[in-house]
1. For region 83-120, which residues satisfy the criterion of being in contact (Cβ under 8 Å) with a residue 40 or more places away in the chain and aromatic (Phe, Trp, Tyr)?
2. Among the candidates GLY252, GLY266, which residue alone is within 30 Å of LYS337 (Cβ to Cβ), assigned to a loop (DSSP other than H, G, I, E, B) and modelled with pLDDT under 90?
3. What do you reckon, is ILE26 more than 22 Å from ARG137 (Cβ to Cβ), of a type in the set (A, V, I, L, M, F, W, C) and either modelled with pLDDT of 90 or more or surrounded by 18 or more Cβ atoms within 10 Å (Cβ to Cβ) (or both)?
4. Given (1) surrounded by 18 or more Cβ atoms within 10 Å (Cβ to Cβ); (2) under 17 Å from ALA212 (Cα atoms), where does PHE356 come up short, assuming only one miss?
5. Which of the residues that make up region 10-23 are aliphatic (A, V, I, L, M) and crowded, with 18+ Cβ neighbours inside 10 Å?
6. From the list ALA21, ALA16, which one is under 18 Å from PHE241 (Cβ atoms) and at pLDDT 80 or above?
7. Does ARG57 meet the test of being more than 22 Å from the chain's Cα centre (by Cα) and buried (at least 17 other Cβ atoms within 10 Å of the Cβ)?
8. Which of the residues belonging to region 314-369 are free of Cβ contacts under 8 Å to residues at least 12 places away in the same chain and not hydrophobic (A, V, I, L, M, F, W, C)?
Amino acid sequence: MKRFAQVLSADAVSKALVGIAAVALIRYMPTGEYAALTFALTVATMGGQVLAAGFNRIYILGFESLRLEERMAPFVAAQVWLLLALVLAAAPLVRVLDVSYPLVVAVAVGLLLSEFAKTFYQRRLAFGRYSAIEFARALAQAAGIAALIAIFGSGLRAEPVLAVQGAALLAPFALTLGLRLNWTRMLDVAAARELLRDVLKSPYPRLLVYFALVAVFSQVDILMLKALADEQQLASYGSAFRYYSLLMLALGAAHTVLLPAIQQSGSGAALDRLYRQHFRLLALFTPTVLLVAWLSAWVLPWIDQGRYPEAVPVFRILCASAVISFACSPHVNLLMKLQHFAFLLYLVLGALAAAFVLHLVLIPRAGALGAAWATLAGSAFVTVPIFFLARRLRAGLDERRAT
């Protein structure tokens, strides 16, 4: 509980800074520019997370078996080379982006590197340094956006914001883990290739694919809105999604603490203690979200000056998704410990297919609201089965120990 509180409190300060910056952007940016920024950040986030989420889990789960302490530079280099390959493969996106593609790439690279820097300290349970990176990039982003608003005012465009966000992500990595890396080995393509071969021979390739699909799944709502709705609907959903992301900092803190703790737990009693702590946190999280959802009817229109009336009902639907995710998804850490990667992969494949169909049906009929309902259903499709399987596996561990 103490570690969770430490990560959550640091994340709360960081996300408060990011939240203030996000609110300022919603208030000052023209609707068209905000829609362009929403889609560009979605593409950048998806590009970075397709690799970062899976590789960072492997860094924790396979640290000893893959000898990653002595191979950190090739491990980082492999991710960067793969991301650059994705960048080249996705070059046709230039036609649908309303902003500079190199800026989107810079944000994706910055996300990839700064997330790994956080994971490096997460595995060591050095949550103070983990939180310092999060705080530094949030402060840099908030200060940069404040400067842009002071300069451009209500004429602020998406491209300067992307430039600030890319720099804010890269700077903390450069000043922390960047100083520890052997940059000569970063250019050793043979070492990176050998590491990738070892990963492919390990139990983790399915985990990589799982997190790549999760990255797509988490952004499919914005992608489908871009394809099927107008910029007003996209901007409305994007504004609600920014508020929803602030709620999800609690889920991020739970995963940050539970993954290494569960990985290092050696007994059923230790697991029970961790999940009892999680249940107590859920008892605090749920009424807080309900209160925030109720207040949103007054707060959101004040922030966006009435430009996005659909944001309130969209946000309330996403609040329900946040509660379901907080209740169920942390149990995925036990499935990862026990290497149930095939189950996770097939589950997210089914969820992605279901979400695609739901968005395809609901967005033309209900716009941003349809996307929110599809997101809620897709989230439940993934997290609820994870919860029940984890409960069954936990009971099975007790039975095996008893015999």
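1. Scanning region 83-120 gives PHE116, PHE120.
2. One residue alone meets the criteria, GLY266.
3. no
4. PHE356 satisfies every listed condition except (1).
5. Scanning region 10-23 gives ALA10, LEU17, VAL18, ALA21, ALA22, VAL23.
6. None of the others qualify; the one that does is ALA21.
7. For ARG57, the condition - more than 22 Å from the chain's Cα centre (by Cα) and buried (at least 17 other Cβ atoms within 10 Å of the Cβ) - is not met.
8. Those that are free of Cβ contacts under 8 Å to residues at least 12 places away in the same chain and not hydrophobic (A, V, I, L, M, F, W, C): TYR346, ARG365.
The values are calculated or read from the model by the stated rules, or taken from the named source; none is laboratory data. Because the structure is predicted, anything quoted here is derived from the model rather than measured. Counting neighbours? That spans all protein chains shown, and the Cβs are built from the backbone with ideal geometry, glycine included.
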